Amino acid sequence: RFQLLTDSATRYPGKNALSFYGKGVTYQALEEKTNRFANGLKKLGVKKGDRVAVMLPNIPQCVIAYFGTLKLGAVAVMTNPLYIDREIQVQMADSGAETIVALDFFYPRIAPILKDTPLKNIILTSVRDALPWLLTLLYPLKAKREGQWVSIKKEPPVYDMFTLMDNASSASPRETVMATDLALLQYTGGTTGTPKGVMLTHKNLVANALQCRHWMPTLLDGGEIFLAVIPFFHVYGMSTCMNLAIYLGSTLILQPRFVTKDVLKAIQKTRPTLFMGIQAMYVAINNFPNIRDYDLSSIKTCISGAGPLHVEVQRRFEANTGGKLVEGYGLSEASPVTHANPINGGRKLGSIGLPFPDTLAKIVDEETGTKTLGMGEIGELVVSGPQVMQGYWNKPDETASTIRDGWLYTGDMARMDEDGYFFIVDRKKDMIKTKGENVYPREVEDVLFRHPKVQDAVVAGLPDPFAGEIIKAYIVLNKGESATEQEIIDFCKKNLAPFKLPKKVSFRPELPKT
């Protein structure tokens, strides 16, 4: 909720809220810019409850557009900048968004689908608009070299973001916004079918920011620096990085995309204390050549989310940085965080940890979802708390099947140990059934990651007329290494029951990260 920003602007007006390649934006300036953006939207006819799509990477304009939209009482629709025109069209049509904020070089993907969407206002900006003066001069050369230089005439329905803001008041729009009002439509990734709009209220988002803050009681108000490379257009990055940092009065070191060398340089130069990421980022840092040449000692706390964190990745990263890396868990439908390992104290490797404050969790049987299972039994994880969504946008049937009697059914198979720690076994739909046995890919992947030659691995089930499914491993080897299919299978034999063994192994130069 925008009040997080307003409060921090009152407490820390002269402190940098954002830093983008060395150019800072203070909290007072960010407060004024978000007011101007909100009032600019109002001039275009945007009103409370209208949907505003934000299709931007981690640049200052993304933060401005997000909080400015909320200040007007409008609903932010975070849109992945990697979407192709068809995917943009589907999301705009489903959400009913009449306004979109995007980078200018995304416009060639937006223009062709305008007639098939409700879009009336296209607000464009450039990375150049937020850069320090020297980089502003150099940016056109870089953009032309990378095929990202465009020249677009800014006339209705196309508007320039900063011109819109310059012509609007810096006073608060003073729109009445309630905690229960819809703030965000966060579209699921579509791994379980057509992407669905998760409806999150101001209360949902504020609750999750406060839960994150109280999970890390040693964080200093006004004293932390966040490396902001996890995308804000994903709710994980939005809540645990952007919203939490703004709530604390911290500085966000904005990185538009993850490039390992650039991230290492940024850590060494800007000295961030927190780094929220995903396993793929930590794997890339672990395997970067000459990693010891970089001073990463400022990092105190890292949380890995959006997928499993394998134990070997965790150990190596902590050895490389001296910081603590723990696994957390969440889903878009819960704003997103519901569990995490304690940063200081009792963490358990391979566990997603304990439920967040004010969050209830239990394991229920897979068949009916009504029977609560005991310690150590594997079933579906269900959760309840103030961060749980209101439902799916315009999908009452799917809402009813996902939220039952106040419990959010996550679709993840898990178990709880005697200390109340939860362990994700795998996605309910990813479970492999081979010769009547259930195999969870994560367990096999954990073993593969222990192989000294393996950099990255993923396991999937392939249809088989005899076994139902067979297990196949897709592997990326460390640079300069070679291995055979049989070598990998033999390694697994030492650590897995026969029915859990991969029957096929494929070596790849890289694995997709979506």
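The values are calculated or read from the model by the stated rules, or taken from the named source; none is laboratory data. What you see is a predicted model; the values in this text were computed from it and never measured. Cβ placement follows ideal geometry from the backbone for every residue including glycine, while neighbour counts extend to all protein chains displayed. In case anyone asks, the SASA skips ligands and DNA or RNA and just uses the protein heavy atoms, side chains included. Shrake-Rupley method; radii C 1.70, N 1.55, O 1.52, S 1.80 Å.
Annotations
- The amide H of VAL52, built 1.01 Å from its N in the peptide plane, has VAL75, ALA76, VAL77 as neighbours under 5 Å, considering only residues 5 or more places off or on other chains.
- Cα centre as origin, Lys/Arg/Asp/Glu Cβ charges: region 421-497 dipole, Debye: 160 debye
- Between region 248-321 and region 1-37, the alpha-carbon centres lie 25 Å apart.
- Considering only GluC sites (Glu not before Pro) in DSSP loops that have at most 14 other Cβ atoms within 10 Å, the longest stretch of the chain without any of them is 147-366.
- The chain - charge dipole about Cα centre, Lys and Arg +1 at Cβ, Asp and Glu -1, debye rounded to 20: 1300 debye
- Vicinal HN-Hα couplings computed from phi for region 340-356 (Karplus, 6.51 cos²θ - 1.76 cosθ + 1.60; Hz; Gly/Pro x): 6, 6, x, 5, 10, x, x, 9, 10, 4, x, 9, 7, x, 10, x, 4
- Average accessible surface area per residue within the chain, 1.4 Å rolling probe, Å²: 42 Å²
- Nearest 10 degrees, 0 to 90: helix 27-43 Cα axis against the chain principal axis: 70 degrees
- Among 263-272, 458-467, the order from most to least packed when residues are scored by Cβ within 10 Å on average: 263-272, 458-467
- Between the C-alpha center of region 387-449 and that of region 87-129 there is a gap of 34 Å.
- Share antiparallel - DSSP beta bridges, the chain, percent rounded to 5: 55 percent
- In region 133-173, the portion of solvent-accessible area held by carbon and sulfur atoms comes to 58 percent [1.4 Å probe, whole percent, DNA, RNA and ligands not counted].
- Helix-derived mean residue ellipticity, 222 nm - over the chain, DSSP H n ≥ 4, -39500 (n - 2.57), to 500: -8500 deg cm²/dmol
- Between the helical axis of 85-95 and the longest alpha-carbon principal axis of the chain there is an angle of about 80 degrees.
- The charge dipole of region 219-374, taken about its Cα centre with unit charges on the Cβ atoms of Lys, Arg (+1), Asp and Glu (-1) only, comes to about 520 debye.
- Relative contact order computed over region 225-288 (Cα-Cα under 8 Å; 6+ residues apart), in percent: 44 percent
- Crossing angle, helix 133-145 versus the chain [Cα axis fit, 0-90 degrees, rounded to tens]: 60 degrees
- A 1.4 Å probe, protein heavy atoms only, puts the accessible area of SER506 near 20 Å².
- Residues of region 393-413 with amide N under 17 Å of a point placed 7 Å along Cα→Cβ from THR368: 404-405
- Charge tally in the Cβ shell below 15 Å around TYR159, where Lys, Arg are +1 and Asp, Glu are -1, TYR159 excluded: 0
- Comparing GLY22, SER401, LEU184 along the charge dipole axis of the chain, the residue lying farthest to the positive side is GLY22, per the Cβ-charge model.
- Three-way shape call for region 1-154 based on the alpha-carbon gyration tensor, with the a/c threshold at 1.5: oblate
- Cα gyration tensor, region 240-355 - rounded (a/c under 1.5), prolate or oblate: oblate
- Rounded Å value of the spacing that divides the Cα centres of region 480-512 and region 325-373: 30 Å
- Charge dipole of the chain about the Cα centre (unit charges at C-beta), most positive-ward option of LEU448, GLY249, CYS492: GLY249
- Here the Karplus curve 6.51 cos²θ - 1.76 cosθ + 1.60, taken at θ = phi - 60°, turns the phi angles of region 263-276 into couplings of 5, 4, 4, 5, 4, 5, 7, 9, 6, x, 9, 10, 9, 8 Hz, with x standing for Gly and Pro.
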